[in-house]
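So the structure is just underneath, and the comments pick up after that.
The values are calculated or read from the model by the stated rules, or taken from the named source; none is laboratory data. Computed from a prediction, not measured in an experiment: that's the story for all the values here. Cβ atoms come from the backbone with ideal geometry, glycine included; neighbour counts cover every protein chain shown. Surface accessibility is based on the protein's heavy atoms, side chains included, excluding ligands, DNA and RNA. Shrake-Rupley method; radii C 1.70, N 1.55, O 1.52, S 1.80 Å.
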Amino acid sequence: MIDLKSMNIDELYAQARGIRSRIIEIVSKNGGHLSSNLGSVELIIAMHYVFDCNKDPFIFDVSHQAYAHKLITDRWDSFDTLRKINGISGFTKPSESSSDYFIAGHSSTSLSLGVGAARAIKLNNEDRIPIVLIGDGAMSAGLAFEALDEIGDIKYPMIIILNDNEMSISKPIGAISKYLSTTTATKMYQGMKGGIKKILQNLPDSAMYMAKRFEESFKLITPGILFEELGLNYIGPIDGHNISELINIFQKAKNLNSPVLIHAQTTKGYGYKIAEGKYEKWHSVPPFCIDTGIPLSAPKSSNPTKVFANKLLELAKKDEKIVGVTAAMPSGTGVDLLIDNLPNRFFDVAIAEAHATTSMAAMAKEGYKPFVVVYSTFLQRAFDSIIHDVSIMNLPVKFAIDRAGIVGEDGETHQGMFDISYLNLIPNMVIFAPRDDESLELSVEFAANYNLSPVAFRYPRGGFLLPNKTYQNKDFILGRAEILHQGSEIAFLGFGNGVGRAHLVNEILENKATLVDLRFAKPLDVDLIKSIAKTHKKLYIFSDGVKLGGIAQNISSILLEDSIFINVRSFEFEDDFIPHGKTTEIEKMLNLDPESISKIIKGELQEL
């Protein structure tokens, strides 16, 4: 642990420069979240100076901005393993360090965690206080406001540091704001404020009215009116890069013994000029040249996200009923292309997956063809809305699920493993998947034109395993699979990107297996599956989803019901969370790369 408490201000600033250099050095080699981490260095240094992370819960929202915390807490030397397999996670992770209070990869959980921690501390009668660092973007989610509502009611001591790096809540009000920020943190001010309220309650009605009017008018020129009305003490805005000021405010807030929100304004990418400011491309970056900021490898000219976005834009220009939404991921999902071209019909609703889903359910009822475009891992946050607001009424909402399967370096909080299983159990839901770029375009067409029920289709990050147009693509027909290659004895049944994996394994095995593209996970092509089962000795299932509730289990159930007994082997994910690392390395670790799978199958062929 770096001993920040023994340092003077000049030494703390020197430490900040060193931390910032280390972050730039490693992220330029490994990739990772850059601008948010550079912008939060001074905040985290001040947190560690005033508070004790081994006693006080340090709760980072999303925690992609916690690199400085990792460097301060004994991970300086191991930081070069950031996001590598068996290395340092890009997010806080208690199994990695006792200094990490909670795992966090999804947004807006921190305030709820703070409430729980504060309540436990109160019950235990302990001298501890939760410290929450949350960005202004995370404050857009409903979960954050649900927690704020309770925090203002229970009044348990808690420090909430609002890292406002987009100036989206308010602009600084110069010296007056700084003066108010400092004075409102003192016990004297808080005592006076409480005394004034008591005085106001005892005034005659006419005087009370005038005083209240003055108080409310004064509040309107301060940026904290929302938080004050919710029952929190508000301090700010303050300079989030001024360590002296941060330490001063944090110490005073600590002594208030109540919930305090400190509004700190920071600059994303601070200290690295190329990345400073509101440049989304610097939020999460691949390896790059420090001098120029140029990525070390050229991005692919095409990927599934681009293919999807271009096709949906093409269809939307022809059909004015096509609309769509994403939840704070416009560039990641490709929806930025549609927002730029059709701003009245495509929307970013911020970090609000459930709201996105429910709002599109109403648009479907009104006769539109709504697409909800979201990463697999974030669709989990909308589960109830999918059931209650979409599927019960059988509304034709189209879920385009990006980043399906293993996503690599972001690890267990972001793997797209579960959507097949949890969508499969929902009545009325149709689930299908493309195998390559061309069939992805056909998927978008099928989704746009299918209006009998909700549908969901999934596609991987980066690219498909199957080279485009390896097999002739045909239009999707509900519940129909497709035989791509006829073999004997064994059959490979692939779904989505699993078709590409099955194809690569079959090439290693000299195309001995019959290769089937299931195309639909729900409804399955029961007749074709039964026919294949009756004419082969063993079935192998390839899908980028979990085994429990997955493709293989559903196929086995169908065959058992019809008394068709055949050995079914699944190459899906086991009942465990998948760690971070390069996708190819993770697949090898799980024995799900084509070479490992082919060895397993070769051994089993000898027993047939």
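Computed quantities for the displayed model
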read-out: Filter pass, residue 32 being over 30 Å from residue 121 (Cβ atoms) and either open to solvent by 10 Å² or more (accessible area, probe 1.4 Å) or touching a Pro at 6+ places or on another chain (Cβ under 6 Å) (or both); value: no
read-out: Matching residues, the range 40-64, being assigned to a loop (DSSP other than H, G, I, E, B), open to solvent by less than 10 Å² (accessible area, probe 1.4 Å) and under 20 Å from residue 270 (Cα atoms); value: 40, 61, 63
read-out: Some residue of the range 69-89 being among the basic types (Lys, Arg) and without any contact (Cβ under 8 Å) to a residue 24 or more places away in the chain; value: yes
read-out: Matching residues in the range 383-410 - criterion: being surrounded by fewer than 23 Cβ atoms within 10 Å (Cβ to Cβ), in a helix (DSSP H, G or I) and in contact (Cβ under 8 Å) with a residue 24 or more places away in the chain; value: 383, 384, 385, 387, 389, 391
read-out: Any hit, the range 571-582, residues being touching a Ser or Thr at 6+ places or on another chain (Cβ under 7 Å) and hydrophobic (A, V, I, L, M, F, W, C); value: no
read-out: Qualifying residue in the range 88-104 (condition: touching a His at 6+ places or on another chain (Cβ under 8 Å) and open to solvent by 30 Å² or more (accessible area, probe 1.4 Å)); value: no
read-out: Selection count, the range 299-330, where residues are over 20 Å from residue 439 (Cβ atoms), part of a loop (DSSP other than H, G, I, E, B) and at pLDDT below 95; value: 4
read-out: Selected residue (criterion: modelled with the highest pLDDT) from residues of the range 108-159 that are of a type in the set (A, V, I, L, M, F, W, C) and open to solvent by 50 Å² or more (accessible area, probe 1.4 Å); value: 123
read-out: Count - residues of the range 311-330 that are touching a helix residue (DSSP H, G or I) at 6+ places or on another chain (Cβ under 8 Å) and surrounded by fewer than 16 Cβ atoms within 10 Å (Cβ to Cβ); value: 2
read-out: Residue satisfying all of: in the range 522-551; of a type in the set (Gly, Ala, Ser) and more than 14 Å from residue 496 (Cα to Cα); surrounded by the fewest Cβ atoms within 10 Å (Cβ to Cβ) among these; value: 531
read-out: Among the residues listed as 105, 90, the single one being farther than 18 Å from residue 25 by Cβ and within 16 Å of the chain's Cα centre (by Cα); value: 105
read-out: Of all residues in the range 349-362 being at pLDDT 95 or above and out of contact with any Leu (no Cβ under 9 Å at 6 or more places or on another chain), the one that is surrounded by the most Cβ atoms within 10 Å (Cβ to Cβ); value: 356
read-out: Every pair of residues 6+ apart whose Cβ atoms lie under 9 Å, when the first sits in the range 297-310 and is of a type in the set (Gly, Ala, Ser) while the second is outside any helix (DSSP H, G or I) and open to solvent by less than 10 Å² (accessible area, probe 1.4 Å); value: 309/334; 309/373
read-out: Hits in the range 481-502 (condition: surrounded by 16 or more Cβ atoms within 10 Å (Cβ to Cβ) and within 27 Å of residue 428 (Cα to Cα)); value: 481, 482, 493, 494, 495, 496, 497, 498, 499
read-out: Residues of the range 567-606 satisfying the condition of being hydrophobic (A, V, I, L, M, F, W, C), farther than 30 Å from residue 80 by Cα and either open to solvent by 50 Å² or more (accessible area, probe 1.4 Å) or at pLDDT 95 or above (or both); value: 568, 571, 597, 600, 601
read-out: Only listed residue being in a strand (DSSP E or B), on the phi < 0 side of the Ramachandran plot, open to solvent by less than 20 Å² (accessible area, probe 1.4 Å) and not polar (S, T, N, Q), chosen from 426, 420, 431; value: 431
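Yes or no, residue by residue, for (1) within 22 Å of residue 312 (Cβ to Cβ); (2) surrounded by fewer than 24 Cβ atoms within 10 Å (Cβ to Cβ):
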{"site": "415", "(1), (2)": "no, no"}
{"site": "446", "(1), (2)": "yes, yes"}
{"site": "451", "(1), (2)": "yes, yes"}
{"site": "458", "(1), (2)": "yes, no"}
{"site": "463", "(1), (2)": "yes, yes"}
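Residue-by-condition table, conditions (1) in a strand (DSSP E or B); (2) open to solvent by 60 Å² or more (accessible area, probe 1.4 Å); (3) within 25 Å of residue 140 (Cβ to Cβ):
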position: 227; (1), (2), (3): no, no, yes
position: 234; (1), (2), (3): yes, no, yes
position: 247; (1), (2), (3): no, no, no
position: 260; (1), (2), (3): yes, no, yes
position: 290; (1), (2), (3): no, yes, no
position: 297; (1), (2), (3): no, yes, no
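The rows are residues; the columns are (1) farther than 24 Å from residue 409 by Cα; (2) small (Gly, Ala, Ser).
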site: 265; (1), (2): yes, no
site: 283; (1), (2): no, no
site: 288; (1), (2): no, no
site: 300; (1), (2): no, no
site: 343; (1), (2): yes, no
site: 347; (1), (2): yes, no
site: 361; (1), (2): yes, yes
